[in-house]
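One structure below.
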Amino acid sequence: MTEHLARPLIQADPEIAKAIYNETARLDNGLEMIASENYVSEAVLEALGSVFTNKYAEGYPGRRYYGGCEYTDVVERLAQSRAKEIFAADHINVQPHSGAQANMSVYMAVLKPGDTILGMNLSHGGHLTHGHQLNFSGKYFNVVAYGVSQETEQIDYDALSQLAHEHKPKMIICGASAYSRIIDFERIGAIARQTEAYVLADIAHIAGLVAVGLHPSPVPHMDFVTTTTHKTLRGPRAGMAMCKEEFAKKLDSAVFPGVQGGPLVHVIAAKAVCFLEALHPSFKDYQTQVVKNAAVLANSLKDLGFRLVSGGTDNHLILVDVFAKGITGKAAEKALELSGITANKNTIPFDKNPPLVASGIRIGTPALTTRGMGEKEMQTIATWIAEVLTDPENSMRLQNIKTEVQKLCKNFPLYTKRLLAYE
C-alpha cells in the first residue's frame, strides 16, 4: 500500500525531476547576479525537504491548536532564539511565509484601512508592499510617497521629513529593494517620533549585512523590522517580523490568525539552520566579501563607461542606467541571459520608460560570492557585461561570452552531488 511513497522523485515524477535537474544545471553553469537571489547550503535544503512539511502547527510554541507539536516547538524556539542573537530585537516572529506577509502583519497589528502611510516610491527603489497602488498596501491605505533627490539619486531626508510633518502618517516605512546606499535608520526613526508615527524598517535586501554590522541596524530606532530570510541572509525563501516588546502580542495575533493559518514548519526549520550559519564567524567574512565584490564590480563598470544610479554602491547591489547607452533594461536583461548572466531589468529614479521595459538593470554579488568568486572575477564579469551591452544583438559574441562564463563556473562548482544524482 505504501510502496509508492518510497519511490525517488526521478521514478515518481520524471518531468518534475528533469525540471529540477535543468534548473540545478542552469545555476551551476551561469552567473546568478539577481541581487535578491542567493544559493542556500545543503543543510538548508535538507531541512526544507524534511518531514516537518507534514506537520500542522497553528498557534505558537506551548500554545498550539494541534497535538504532536513537541518537536515543532523545539524548531520554532531555536529559530527565535538564534534570530534574537543575530538582530538583538525584543520580540521575533519567525512564522511569516514571506516578506510581503511580514509587512502585511505589521500593518494589521497597528493600522486600520484608510490610515495614511509614508513609503518609498517603487520607481525610486522602494517595494510593492510599501504603498504601490496595485498592491494591498496601496489599496487599503492612503499612501504618500517619498523618494530620492534628482541630483544625488539618494534618499532626500529633508523632503521625507517635510512630507511626514505635512501629512502626519500613521506609519513611516523605510527600506528598499533597489537602493544601493546606506539608509539612515536613526534619522528616519527620529522623524517618526517627531510626527508621532509608527515606523517600520523592511531590511529584506540588507539583512545579512545588518547581521554582521556592515550596515547600521534599524532595530534600536524602529517599532517594527521585517525581512525576508533569503537574499543576503542566505536562507529559505520566507519572511520574519521583529518588534519592540510593547507590540509583541499585536504582532503575533496579526501573523496568526490575522493573515496566516498553519506555519510552514519545514521552512522554519530551514530558517533556524540559516540563522545558525549566520552566527558563525565565517558569515561576516562572506558578507565583507559581498560588499568588496560589489564595490569592485561597480568601479569596473564605471571605468567601462556605464552610469550607475547614485554613482556607486555601499551594499550588495548596483543599479545600472543602461538607457544612457541606448539600450532598455528589458533588452539588456535578455542579452545578458543569452550570455549566461542572469540579472533583472529595473526602473531607475525618474524613469521615462514603463516598468516592463525600464531604463536600468539591477545586479548583485551575494550569489557569486557564495560560490567563492572574488575581486578578480568581478573585473572579468564587468568586462563581459560591457561587451554584451555594447552590442546586445551580436549573437556570436553572446555565445562566445556564454562559453567563457561556463569555463569560469567550472572553477566554482555548485550542488555537484545533486547534479550527479540525476545523471
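Here are the numbers for this structure:
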read-out	value
Under 5 Å, built H, 5+ apart or other chain: amide partners of HIS132	GLY138
Max mean-square fluctuation residue, GNM over the chain, Cα-Cα springs under 10 Å, options HIS167, HIS127, HIS316	HIS167
Loop-resident sites, segment 124-233, for GluC sites (Glu not before Pro), counting at most 16 other Cβ within 10 Å (DSSP)	GLU151, GLU196
Residues whose placed amide H lies under 5 Å from that of ASP202, excluding near-sequence neighbours	CYS174, GLY175, THR226
Lysines whose Cα lies under 28 Å from that of LYS402, excluding same-chain neighbours fewer than 8 positions away	LYS18, LYS231, LYS292, LYS302, LYS325, LYS330, LYS334, LYS345, LYS376, LYS410, LYS417
Estimated vicinal HN-Hα couplings, Hz - segment 134-146 in sequence order (Karplus 6.51, -1.76, 1.60; Gly, Pro = x)	8, 9, 3, 5, x, 7, 9, 10, 7, 9, 10, 9, 10
Gaussian network model of the chain, Cα within-10 Å springs - most flexible of TYR66, TYR39, TYR198	TYR66
GNM top mover of SER50, SER123, SER217 - the chain, alpha-carbon springs below 10 Å	SER50
Per-peptide average of other Cβ atoms within 10 Å, ordering 334-341, 9-16 highest first	334-341, 9-16
Set of aspartates and glutamates with alpha-carbon distance to LYS84 below 13 Å, sequence-local pairs under 8 removed	GLU76, GLU245
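Read-outs: derived from the displayed coordinates by stated rules, not from any lab. Quick caveat, the model's predicted, so the values are computed rather than measured. Counting neighbours? That spans all protein chains shown, and the Cβs are built from the backbone with ideal geometry, glycine included.
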